[in-house]
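One structure below.
All of the numbers you see were taken from the coordinates with simple rules; none came from a lab. Computed from a predicted structure; not experimentally measured. Here the Cβ positions follow ideal geometry from the backbone for every residue, glycine too, while neighbour counts run over all protein chains shown.
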């Protein structure tokens with residue numbers, strides 16, 4: 001039997017959920033849906049790349065954030081903090097960490113609390129951003145030169161990266177790199193089966209509003225998006241790029257990776273590598289930097 005609710009009843013149900021107890025339930029549902037933590041093995045499941053240092057970052061409340069650090073042999077190599085998206089933990093997204101290492105970066109990656117071996121909580125926008133902030137401070141400790149520090153976020157990780165980079169009290173960055181990023185949860189709802197539920201957009205507890213936050217990001221930004229992304233519409237990167245354009249004095253670039261899927265852009269070879277290389281070199285030119293960090297590292 002299929003239950004069909006009239007619009008008026010749906011609105012009443014949403015109003016009921018907005019009460020104290022209902023709000024808590026709604027908030028937990030949103031967090032579980034947005035992060036969609038995948039348990040167990042997957043076809044992408046991998047062990048840490050050889051040479052990876054595995055450790056925990058301890059937060060002020062004693063919670064643990066599991067971190068992997070894969071150093072480049074060159075101490076002058078640029079470093080990147082990799083923030084993964086929903087569903088997969090570090091093991092499931094290790095291939096992106098490997099790709100950035102292949103491009104010549106030292107890579108620090110974390111599992112937000114609730115994922116993998118990090119403290120077991122139901123993650124939220126606030127907790128994921130806090131975890132990313134702790135990781136960025138760890139990255140700054142390992143790489144004191146801000147000209148060699150980058151943050152890279154994929155999908156939901158892009159929203160976390162924007163929220164992080166928008167905070168004025170965080171360590172400075174040379175640049176922010178966003179792959180398959182979305183504008184906000186409100187717009188993402190419009191692409192799902194929940195789009196027709198009246199009033200749902202007014203009950204969002206986890207906004208992840210990158211469209212607004214990106215205007216507070218002061219470092220250069222590179223947007224990467226596959227043209228065949230069926231999860232996050234490529235037009236969302238267009239909108240983010242336009243919103244970022246309201247800033248003054250910061251380099252920004254949008255590159256569409258022809259034929260790439262939501263998770264496939266980083267595997268597209270020189271189209272991807274070249275976009276990152278050009279971005280870093282243009283940052284160097286814009287800042288007249290001459291340090292090794294300003295140069296795109298050679299592949300090896």
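What 222 nm value per residue comes from the helices of the chain, counting each DSSP H run with n ≥ 4 as -39,500 (n - 2.57) and dividing by all residues, nearest 500 deg cm²/dmol?
-10500 deg cm²/dmol
Any chance you could tell me what percent of the C-alpha pair distances in region 161-225 go past 18 Å?
44
List, largest first, the extents of the alpha carbons of the chain along their principal axes, each in whole Å.
Reported extents, whole Å, longest axis first: 64, 39, 38.
Tell me the Kirkwood radius of region 143-300: reciprocal of the mean inverse pair distance over distinct alpha-carbon atoms, in Å.
One over the average 1/r among Cα pairs gives 16.3 Å for region 143-300.
Springs between alpha-carbon atoms under 10 Å, Gaussian network over the chain: tell me which of 251, 108, 200 tops the mean-square fluctuations.
Its mean-square fluctuation being the largest, the pick is 200.
Just the C-alpha atoms of region 61-165: what Rg/Rh do they give, with Rh taken as the Kirkwood radius?
The Rg/Rh ratio comes out at 0.94.
Taking the Cα-to-Cβ direction at residue 205 and at residue 238 and moving 7 Å from each Cα, how far apart do the two end points lie in nm?
3.5
Would you mind checking the tilt of helix 7-17 against the longest principal axis of the Cα atoms of the chain, expressed as 0 to 90 degrees and rounded to 10?
It works out to around 70 degrees.
Could you give the angle, 0 to 90 degrees to the nearest 10, between helix 156-165's Cα long axis and the longest principal axis of the Cα atoms of the chain?
70
Any idea what angle helix 125-142 forms with the longest principal axis of the chain, computed on alpha-carbon atoms, 0 to 90 degrees, nearest 10?
10
How large is the direction-averaged shadow of the alpha-carbon convex hull of region 141-194, in nm²?
Averaged projected area of region 141-194's Cα convex hull equals 4.4 nm².
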